[in-house]
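Inspection log for the structure reproduced underneath, given as structure tokens.
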Amino acid sequence: MGTLFWDDGEPRLHLHVGVGRGNETLVGCARGGATVYLIQEVTIFEITGIEAQRLEDPETGLKLLRLLGKSRSAAP
């Protein structure tokens, strides 16, 4: 689960993963510097008809995804 988003004119990928084997699981955010030991398979779904932005949250300093409502270019 994650987002592929335009940020400052460049595409950015924010990806969360969940992996497991047997009774052990690991979930979290794949950050820069993460080592991938196996091939990752990714499915991308495009959500249309909404406007969204990643805006910096002054409290945390993180760029959080904000869903702002219907896109101005969305068909009625």
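The values are calculated or read from the model by the stated rules, or taken from the named source; none is laboratory data. Remember, it's a predicted structure, so these values are computed and weren't measured experimentally. In this analysis, Cβ positions are derived from the backbone assuming ideal geometry, glycine residues included, and neighbour counts consider all displayed protein chains.
Of the listed requirements (1) of a type in the set (Phe, Trp, Tyr); (2) at pLDDT 75 or above; (3) surrounded by fewer than 10 Cβ atoms within 10 Å (Cβ to Cβ), TYR37 misses just one: (2). Might you let me know whether the range 41-52 holds any residue that is surrounded by 10 or more Cβ atoms within 10 Å (Cβ to Cβ), at pLDDT 80 or above and at positive phi? Yes, the range 41-52 contains a residue that is surrounded by 10 or more Cβ atoms within 10 Å (Cβ to Cβ), at pLDDT 80 or above and at positive phi.
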